[in-house]
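For reference, the structure is listed below as structure tokens.
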Amino acid sequence: SPVIVWVRRDLRLTDHAAFHAAAETGRPVIPVFIRDHTVDDLGAAPRWRLGQGLEVFGKALGDMGSRLVLRAGPAREVLEALVDETGADTVLWQRAYDQVSVERDSAIKSALKDKGIEAESHTGHLLFEPWTVETKQGGFYKVYSPYWRAVADRDVPKPLSAPSSLKAPSDWPEGDALEDWQLGAAMRRGAEIVARHTDPGEQAAQSRLGVFVRDRIDDYKTGRNMVAEDGCSLMSEYLSLGEISPAQCWHAGQRSIEAGKDGAETWVKELVWREFAYHLLWHTPHITDSSWREEWAAFPWNEDERRSEVIAWKRARTGIPFVDAALREMYVTGRMHNRARMIVASYLTKHLMCHWRIGQQWFEDCLTDWDPASNALGWQWTAGSGPDATPYFRVFNPITQAEKFDPEEAYRKAWIAEGYDSPSDTALSYFDAIPESWAITPQDDYPEPVVTADEGRKAALDAYENRDF
Ligand code: FAD
């Protein structure tokens with residue numbers, strides 16, 4: 001009888017333990033992707049990007065004589081129906097770590113087992129299972145550096161090879177057509193504009209990683225901070241959808257370390273920030289929804305999204321060029337440079353005194369690399385409410401940060417049109433992407449700051465210093 005591989009955020013064949021195990025059985029394999037509430041709850045850009053990934057992955061399976069069966073509905077019902085229809089006696093998948101998925105998956109595992117079906121989850125989304133990294137006292141880590149020291153010398157198994165073939169069942173179960181799902185429907189911005197900046201799929205991920213370790217990893221230590229430069233790997237959207245595994249990245253990093261490439265260890269440490277984010281997500285799932293340090297729930301952040309400052313921030317018209325450039329980069333490309341993420345998050349939570357959740361949700365709507373763990377940690381780290389957070393008195397100054405990390409103004413010129421005689425094409429593309437209702441044009445004057453860097457810093461420090469906890 002066939003084996004069902006339940007495909008989720010793991011759109012790859014190489015280093016995929018569930019596909020590997022299914023192929024090893026020598027039995028027919030039925031890959032299925034289920035559009036359940038976890039898909040419908042995604043923000044606009046991640047849902048659109050998922051559609052792009054599914055299209056490429058479906059083709060890759062098709063090229064090897066297999067298929068990706070698409071079904072919609074509650075995952076448990078869909079899997080039980082598929083088991084009945086196909087006579088499959090095994091369902092395999094790769095583990096997820098957010099609370100909603102964990103609860104869903106445990107319930108499905110028991111329900112399938114009760115029916116006499118073998119149900120097994122595999123590792124692969126992470127390098128280190130969150131429950132395997134423990135402090136000497138047997139607890140979990142709340143600070144990155146000791147976490148890093150605890151895992152730095154661990155052996156990470158070499159990536160599994162892709163199955164050379166997947167045996168097809170004699171009859172394929174019916175499935176939906178991807179176009180009918182309209183996964184891009186919620187993109188307020190023109191999806192075709194974001195598509196120019198996206199190259200989905202496993203092969204694209206591999207070749208981007210190859211170019212990064214060949215040409216750029218050496219200079220990563222400094223290059224990673226220069227916002228206008230191509231100094232980072234851009235692996236995050238692939239890692240988010242599992243189009244590449246973290247083990248493939250880790251081993252590429254380790255080979256570069258062995259080859260004496262200067263920035264390689266710094267890069268591997270960044271991969272481990274992702275692990276740390278998942279470690280925290282697993283042990284403290286409330287990190288996605290409420291202040292990680294509970295006392296911070298009492299901090300007087302403004303939660304009113306209708307405030308003009310919040311609208312200006314979302315529309316990238318704060319009057320602070322670095323902040324606006326970064327927010328436009330995200331709107332048009334679906335990604336934002338890491339340093340820029342820290343600056344816009346600091347400006348929202350500190351200069352504008354807005355609740356970090358407003359920013360977290362905006363990122364969730366706009367980022368093609370949206371990741372529940374890294375997004376939540378990034379926001380709470382910047383706001384000061386998270387574990388291992390930046391100290392409250394660290395308020396990033398968006399003016400001096402721009403001077404340091406965008407010294408030639410290249411990033412700001414790439415994304416801001418107002419006030420320039422001949423704006424760049426990328427800057428103009430922002431105006432093609434935004435809704436008409438925003439009523440902003442490239443010919444408008446560039447706005448005065450909604451809150452200046454100095455005023456905002458003072459107000460934030462006053463509020464942070466005078467908090468009564
Ligand atoms: P590289 O610099 O090449 O790093 C390699 C990989 O390491 C990344 O792909 C990523 O998987 C991991 N990594 C690097 N920095 C971090 C970090 N600070 N935290 C966790 N993992 C990291 N990352 C996401 O993937 N999705 C998000 O939704 C997300 N939201 C963020 C929100 C805020 C407010 C902040 C400050 C950071 C956020 N990050 C998020 C982390 C980081 O900005 C991105 O992972 C990084 O910019 C991706 O670019 P890259 O792949 O070129 O990274």
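The values are calculated or read from the model by the stated rules, or taken from the named source; none is laboratory data. Only a predicted model underlies this, so the values are computations on that prediction, with no experimental measurement involved. Cβ atoms come from the backbone with ideal geometry, glycine included; neighbour counts cover every protein chain shown.
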Some residue of region 231-241 being closer than 15 Å to V211 by Cα, outside any helix (DSSP H, G or I), within 9 Å of the ligand (Cβ to nearest atom) and not hydrophobic (A, V, I, L, M, F, W, C): yes
Counted residues, region 62-94 - those being closer than 23 Å to D40 by Cβ and surrounded by fewer than 19 Cβ atoms within 10 Å (Cβ to Cβ): 7
Residue within region 150-161 that is within 13 Å of the ligand (Cβ to nearest atom) and outside any loop (DSSP other than H, G, I, E, B) present: no
Answer residue from region 251-281, given it is more than 10 Å from the ligand (Cβ to nearest atom) and of a type in the set (A, V, I, L, M, F, W, C) and is surrounded by the most Cβ atoms within 10 Å (Cβ to Cβ) among those: L280
Test: residue in region 339-359 that is within 28 Å of P146 (Cα to Cα), among the polar types (S, T, N, Q), in the same structural domain as W415 (by TED's automatic domain parsing) and modelled with pLDDT of 95 or more: yes
Residue pairs meeting the criteria (Cβ under 7 Å; at least 6 apart or on separate chains; first under 14 Å from V323 (Cα atoms), in region 410-428; second charged (D, E, K, R) and surrounded by 14 or more Cβ atoms within 10 Å (Cβ to Cβ)): R412/D406; W415/R328; W415/E329; I416/D324
Odd one out for M336 among (1) near the ligand (Cβ under 9 Å from one of its atoms); (2) assigned to a helix (DSSP H, G or I): (2)
Single condition K350 does not satisfy, out of (1) part of a helix (DSSP H, G or I); (2) more than 15 Å from the ligand (Cβ to nearest atom); (3) in contact with a helix residue (DSSP H, G or I) (Cβ under 9 Å, 6 or more places away or on another chain): (2)
Out of A186, A177, A205, sole residue that is modelled with pLDDT of 95 or more, among the hydrophobic types (A, V, I, L, M, F, W, C) and surrounded by fewer than 19 Cβ atoms within 10 Å (Cβ to Cβ): A177
Counted residues, region 353-364 - those being of a type in the set (A, V, I, L, M, F, W, C) and part of a helix (DSSP H, G or I): 4
The listed residue being buried (at least 24 other Cβ atoms within 10 Å of the Cβ) and closer than 29 Å to V227 by Cβ, out of W301, W313: W313
Residue match in region 217-234 (condition: touching a residue at least 24 places away in the same chain (Cβ under 8 Å) and within 17 Å of P159 (Cβ to Cβ)): yes
First in region 362-388 and on the phi > 0 side of the Ramachandran plot, second anywhere and near the ligand (Cβ under 6 Å from one of its atoms) and of a type in the set (A, V, I, L, M), Cβ under 8 Å, 6 or more apart: none
Where K413 falls short, out of the listed (1) within 30 Å of A277 (Cα to Cα); (2) at pLDDT 95 or above; (3) basic (K, R): (1)
Flag for F396 being within 11 Å of the ligand (Cβ to nearest atom), in the same structural domain as T318 (by TED's automatic domain parsing), of a type in the set (A, V, I, L, M, F, W, C) and farther than 26 Å from L50 by Cα: yes
Filtered residues of region 228-269 (kept if basic (K, R) and either touching a Ser or Thr at 6+ places or on another chain (Cβ under 7 Å) or closer than 27 Å to V56 by Cβ (or both)): R255
Some residue of region 453-464 being out of contact with any Cys (no Cβ under 8 Å at 6 or more places or on another chain) and not in a helix (DSSP H, G or I): no
Counted residues, region 363-376 - those being farther than 12 Å from R335 by Cα and more than 6 Å from the ligand (Cβ to nearest atom): 3
